[in-house]
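S.K.: This structure is in structure tokens; I'll ask about it shortly.
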Amino acid sequence: MHIPVLKKEVLEYLDPKPNQNFIDATIDGGGHSKAILEKIAPQGKLLGIDRDEEIIRRLEPQENLILVCDNFDNLKEIVTKEKFGQAQGILFDLGMSTWHLKESNKGFSFQRDEELDMRYSVENSKQSNAKEIVNKWSEKKIRQILKDYGEERFNKEIAKEIIEARKRHLIATTFQLVDIIEKAVPAWYRQQKIHAATKTFQALRIAVNDELGSLQRVLPQALEVLDVGARLVIISFHSLEDRIVKIFFKENKIKILTKKPVRPSKQELAENPNSRSAKLRAGIKL
């Protein structure tokens, strides 16, 4: 079941009012959007964007909801094409969908034996999928993404083991990759609360989908499509994402509403442990 992260705080900082227009640039299961639509009724419109075709297909049509399947780093182009006009608020929830982990069969989860893919949009044939990265990229490049995107302390050992393993056979599935990772890291690391493969899978997903690049490209566009006095709310789950957002807020004409990122409450953490890494930052366009 889809549980929107920091829903109460999103509504507080977006502050949607009747008949205003908003953008949910990462609509996913629609939990945040549903709450926003209730606040902007009866004539407010919400533009919902997701890069995964299946996510869009699974969403129920709602009055005044415009759905677009595209990468949010095409935000300005999408807004122009849909004749949406200036928005009073934009939400980015950069977290991963539970559906992707449990039902997509794209190899996002190290707990399911699936083909290594990790592309949100399989229609983008120019993208390297995870299988291509682990089987074709150089050891140096693999090590770099594990270090930069996964902050994996054993990046060198894991990259080396990947190279050795692919000499023997094609690395095609998630469980094959998990076995390689577990062989590469010390026994004590395999016994930690967080699974030894977590950071490697995160790094591959970020690399496959160019998540940090997309975020850097979309933020200036978001300011362009926001009305003066409109609000920008961003939920990140990775320290590099949060750093990009923090710097962008500081370097642009934005009144910062969150001096420190807003974190989930103890109650939310108990109800939804997946929210533990969430950090919300918000600002008003000046």
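S.K.: Using the count of nearby Cβ atoms within 10 Å as a rough guide to exposure, how do 227, 28 rank from fewest to most? Each step should come with its number before you reach the end.
M.R.: Working: 227 14, 28 24.
Ascending number of Cβ neighbours within 10 Å: 227, 28.
S.K.: Of 34/259; 141/255; 183/259; 34/246; 8/193; 17/259, which pairs sit farther than 31 Å apart, going by alpha carbon to alpha carbon?
M.R.: Values: 34/259 28 Å; 141/255 39 Å; 183/259 43 Å; 34/246 27 Å; 8/193 29 Å; 17/259 24 Å.
Over 31 Å apart, Cα to Cα: 141/255; 183/259.
S.K.: Still on this structure, I have one more. Just the Kirkwood number for the chain, please: inverse of mean 1/r across all distinct Cα pairs, in Å, one decimal. Each step should come with its number before you reach the end.
M.R.: Numbers: mean 1/r = 0.0504 Å⁻¹.
About 19.8 Å for the chain.
S.K.: Over all directions, what mean area does the Cα convex hull of the stretch 101-209 project, stated in square nanometres?
M.R.: 6.3
S.K.: Using Cα pairs under 8 angstrom and six or more residues apart, how large is the relative contact order of the chain, in percent? Please list the in-between numbers first.
M.R.: Details: 481 pairs, mean separation 54.6, N = 286.
Contact order relative to length: 19 percent.
S.K.: Let's see if you can work this out: charge +1 on each Lys and Arg Cβ, -1 on each Asp and Glu Cβ, no other charges. What is the dipole magnitude of the stretch 101-209 about its Cα centre, in debye to the nearest 20? Show your work: numbers first, answer last.
M.R.: Numbers: 22 positive and 16 negative charges, 65 e Å.
Magnitude of the dipole: close to 320 debye.
S.K.: Still on this model: Taking Cα atoms, how many degrees apart are the long axis of helix 31-40 and the longest axis of the chain, rounded to 10 and kept between 0 and 90?
M.R.: 10
S.K.: Which listed residue (170, 184, 107) has the Cα farthest towards the positive end of the charge dipole for the stretch 101-209, taking +1 on Lys and Arg C-beta and -1 on Asp and Glu C-beta about the Cα centre?
M.R.: Looking along the dipole axis, the top candidate is 184.
S.K.: What number, rounded to the nearest 500 deg cm²/dmol, is the helix-based mean residue ellipticity at 222 nm of the chain, given -39500 (n - 2.57) per DSSP H run of at least four residues and division by all its residues?
M.R.: Details: 14 runs with 130 residues, N = 286.
Rounded to the nearest 500, the figure is -13000 deg cm²/dmol.
S.K.: Can you tell me the orientation of helix 139-150 relative to the chain, as the angle in degrees between its alpha-carbon axis and the longest Cα principal axis, to the nearest 10?
M.R.: Roughly 40 degrees between the two axes.
S.K.: Where both partners of a DSSP beta bridge lie in the chain, what percent of those bridges are antiparallel, to the nearest 5?
M.R.: Numbers: 11 of 28 bridges.
Here the share of antiparallel DSSP bridges comes out near 40 percent.
S.K.: Gap in Å between the Cα centre of the stretch 5-69 and the Cα centre of the stretch 168-209?
M.R.: Answer, in whole Å: 35.
S.K.: To continue, here is another question. Order by neighbour count: 205, 276, fewest other Cβ atoms within 10 Å first, most last.
M.R.: Values: 205 21, 276 12.
Placing the least packed residue first, the sequence is 276, 205.
S.K.: Using the crude model of +1 on Lys and Arg Cβ and -1 on Asp and Glu Cβ, and no other charge, please compute the dipole size for the chain relative to its Cα centre, in debye to 20. Intermediate results must be reported in sequence, preceding the final value.
M.R.: Values: 49 positive and 42 negative charges, 221 e Å.
With only Lys, Arg, Asp and Glu charged at Cβ, the dipole is about 1060 debye.
S.K.: In which sequence would 96, 118 go, from the one with the fewest C-beta neighbours within 10 Å to the one with the most?
M.R.: On the way: 96 17, 118 25.
Neighbour counts put them in this order, fewest first: 96, 118.
Every number here is computed from the coordinates shown, using simple stated rules; none is lab data. Please read these numbers as outputs of a predicted model, since none were measured by experiment. Virtual Cβ from ideal backbone geometry, glycine too; neighbours counted across all protein chains shown.
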